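The values are calculated or read from the model by the stated rules, or taken from the named source; none is laboratory data. Keep in mind that this is a model prediction, so the values were computed, not measured. FYI the Cβ positions are ideal-geometry reconstructions off the backbone, even for glycines, and counts take in every protein chain you see.
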Amino acid sequence: MSDAFHQRLHHRTPGDLVSDTAQTAGMQRKEAISGRTVGARNLWMGQTHVPASTASANHHHGESETAIYVVSGHPTFVFLDTDGEEPVERRIEAGPGDYVFVPPFVPHREENRDPDGEAVVVIARTTQEAIVVNLDSLAPPENR
């Protein structure tokens with residue numbers, strides 16, 4: 001049967017993750033759940049690994065909302081807060097079990113200041129692909 005109640009489940013193991021996806025310098029994304037891997041229609045999910053003593057390049061994820069769950073390490077998420085008169089760089093210090101939400105088009109970067117271990121996070125996106133727009137700066141285009 002192929003009705004909505006009788007579709008098969010898909011199981012992905014760590015060895016099944018695909019590194020052939022959009023990337024940003026200083027980190028590695030691995031695709032787990034997507035249209036390409038399991039036929040998902042509205043979801044992209046995977047892992048990001050940031051090596052010890054590394055910062056990613058600045059980037060955003062286009063129209064995609066991104067939810068992040070910290071599996072291990074203590075990643076820092078850096079963004080530019082533009083609510084005041086002057087933009088201010090803000091840092092979210094996260095740890096295992098924490099969640100971070102990145103709205104669409106928000107420039108940010110991930111940092112891992114731990115000299116000994118990588119930071120690993122699980123990411124879920126509301127688009128079917130890992131949209132990544134790498135940037136020179138966190139500043140909005142009109143301020144660059």
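Values computed for the structure shown
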{"quantity": "Condition check for G84: small (G, A, S) and either closer than 19 Å to A124 by Cα or within 16 Å of the chain's Cα centre (by Cα) (or both)", "calculated": "no"}
{"quantity": "Criterion violated by A22 - all others in (1) under 12 Å from the mean Cα position of the chain (by Cα); (2) at pLDDT 90 or above; (3) of a type in the set (G, A, S) satisfied", "calculated": "(2)"}
{"quantity": "Search result, residues across segment 60-81 that are in contact with a Lys or Arg (Cβ under 6 Å, 6 or more places away or on another chain), within 13 Å of I123 (Cα to Cα) and in a strand (DSSP E or B)", "calculated": "T66"}
{"quantity": "Failed item in (1) under 15 Å from the mean Cα position of the chain (by Cα); (2) without any contact (Cβ under 8 Å) to a residue 24 or more places away in the chain, with M45 passing the rest", "calculated": "(2)"}
{"quantity": "Segment 95-131 - residue that is over 17 Å from L43 (Cβ atoms) and of a type in the set (A, V, I, L, M, F, W, C) and, of those, surrounded by the fewest Cβ atoms within 10 Å (Cβ to Cβ)", "calculated": "F105"}
{"quantity": "Test: residue in segment 86-103 that is at pLDDT 95 or above and out of contact with any strand residue (DSSP E or B) (no Cβ under 7 Å at 6 or more places or on another chain)", "calculated": "yes"}
{"quantity": "Segment 47-69, residues that are among the hydrophobic types (A, V, I, L, M, F, W, C), buried (at least 16 other Cβ atoms within 10 Å of the Cβ) and under 19 Å from E31 (Cβ atoms)", "calculated": "V50, I68"}
{"quantity": "Some residue of segment 6-29 being buried (at least 17 other Cβ atoms within 10 Å of the Cβ), acidic (D, E) and not in a helix (DSSP H, G or I)", "calculated": "no"}
{"quantity": "Members of segment 118-138 that are under 21 Å from L17 (Cα atoms), assigned to a loop (DSSP other than H, G, I, E, B) and not hydroxyl-bearing (S, T, Y)", "calculated": "E118, Q128, E129, A130, I131, V132"}
{"quantity": "H74 more than 11 Å from A130 (Cα to Cα), touching a His at 6+ places or on another chain (Cβ under 9 Å) and in contact (Cβ under 8 Å) with a residue 12 or more places away in the chain", "calculated": "no"}
